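Coordinate-derived values only; no laboratory data. Computed from a prediction, not measured in an experiment: that's the story for all the values here. Using ideal geometry, Cβ is built from the backbone for each residue, glycine included, and neighbour counts are taken over all protein chains shown.
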Amino acid sequence: MNCSNQYLVDILSEDTALSARLLRLANSAMFNFPNKIDSISQAITIIGTQQLRALVLASSVMKLFKDIPEELINMEMFWRHSIACAVSARIIASLRRAANVEYFFLAGLLHDIGRLIMFKEVPSEISQAMLQAKQTQQLLFKEEKEVLGFDHAKLGGMLLKEWELPAQLIDSTAYHHVPRRSADFKDEVAVIHVADIIANSLQLGSSGEHRVPTLDNQAWDCIGLPDAIISTVIDELNKQYNIAVEFVLGSDSQDEEVAKSGVA
């Protein structure tokens, strides 16, 4: 095990709930490892540092926005939608034989983060936009522009840029509703665009949107997969979704109980 992995082990050992969640993921059907994984160092090797980064970042973001009132948005449903997008994106990327499929998982998790800023900072305005979207049967991101002058995608991209995250993640967030506007990362943005539509179509969670966004045909052509592949993506999503929900959301009480049994 190299030094960077040892550093991760040391950090994770201080968070028993996160450590236990990581162990359950490593032993899940998503990785289908033949032997039981019972140490953090083994789990990191099986899962990989990129997916671990996604878990840690998602956990941090969830804590940052945990106090959003229930009357605005059900946060579990919000994250379930983001997870469905993340898993779909990861599956599509795998089918395209992308070099780093875990990037797409993280991009899917973060694609609607701008809406969380709206819920937290301008609750009255986003509530008005949501009401108007229901009344007009319009897509919510378009009503956001009407009320605020900008939408959650643009706001999310600005936040990720402020956090100094990679440019691909910024574009995937900022342009997931208008993928053709991405100048440098059209493939990456196209995957998140399609994954978001799949998640909305299957109604796996909700970020506040009540309609299915329109598919950009240019984005679909950019992905370069046959139409029939959608059924494969949905089949795989059905297999992986609940595992991913457990991975990201977990249950602190359950995690802590598992952790008490010992992780190393």
- the chain: angle of helix 123-136 to the longest principal axis, Cα-based, in degrees nearest 10: 60 degrees
- Starting from the Cα gyration tensor of the stretch 144-203, take the square roots of the eigenvalues, sort them a ≥ b ≥ c, and report rounded, prolate or oblate (rounded when a/c is under 1.5, otherwise prolate if a/b is larger than b/c, else oblate). oblate
- Note on the structure: Low-density loop trypsin sites (Lys or Arg not before Pro), the stretch 29-92, at most 16 other Cβ within 10 Å, DSSP non-H/G/I/E/B, are LYS36, LYS66
- Treating the angle as unsigned and between 0 and 90°, give the value, to the nearest 10°, between the Cα long axis of helix 16-26 and the longest Cα principal axis of the chain. 90 degrees
- Task: Scan the chain and report its longest stretch carrying no chymotrypsin sites (Phe, Trp or Tyr not before Pro) that are both in a DSSP loop and have at most 14 other Cβ atoms within 10 Å.
- Result: 1-149
- Can you give me the Cα centroid spacing of the stretch 45-103 and the stretch 162-220 in angstrom? 14 Å
- Message: Taking loop as defined by DSSP and a crowding limit of 16 other beta carbons within 10 Å, which trypsin sites (Lys or Arg not before Pro) in the stretch 118-217 fit?
- Response: ARG211
- Query: Could you put LEU148, LEU116, LEU237 in order, starting from the residue whose Cβ has the fewest other Cβ atoms within 10 Å?
  - Reply: LEU148, LEU237, LEU116
- Message: Using Cα springs under 10 Å in a Gaussian network model of the chain, which residue among ALA190, ALA98, ALA84 shows the largest mean-square fluctuation?
- Response: ALA98
- Query: Once both axes come from the Cα atoms, what is the angle between helix 152-162 and the longest principal axis of the chain, in degrees from 0 to 90, rounded to 10?
  - Reply: 50 degrees
- Roughly how many debye, to the nearest 20, is the charge dipole of the stretch 50-250 about its Cα centre, given +1 on each Lys and Arg Cβ, -1 on each Asp and Glu Cβ, and no other charges? 200 debye
- Excluding near-sequence neighbours (fewer than 8 apart on one chain), the stretch 50-250 holds lysine pairs with C-alpha atoms under 14 Å apart numbering 5
- Query: What 222 nm value per residue comes from the helices of the chain, counting each DSSP H run with n ≥ 4 as -39,500 (n - 2.57) and dividing by all residues, nearest 500 deg cm²/dmol?
  - Reply: -21000 deg cm²/dmol
- Within the under-15-Å Cβ sphere about LEU106, not counting LEU106, Lys/Arg +1 and Asp/Glu -1 give a net charge of -4
- Message: How much length would be gained if the chain were fully extended between LYS161 and ASP15, taking 0.36 nm per residue of separation minus their Cα-Cα distance, in nm to one decimal?
- Response: 49.8 nm
- For the chain, what is the relative contact order in percent, using Cα pairs closer than 8 Å and at least 6 residues apart in sequence? 28 percent
- Task: Find, to one decimal place in angstroms, the Kirkwood hydrodynamic radius of the chain, where the mean of 1/r is taken over every pair of different Cα atoms and then inverted.
- Result: 19.0 Å
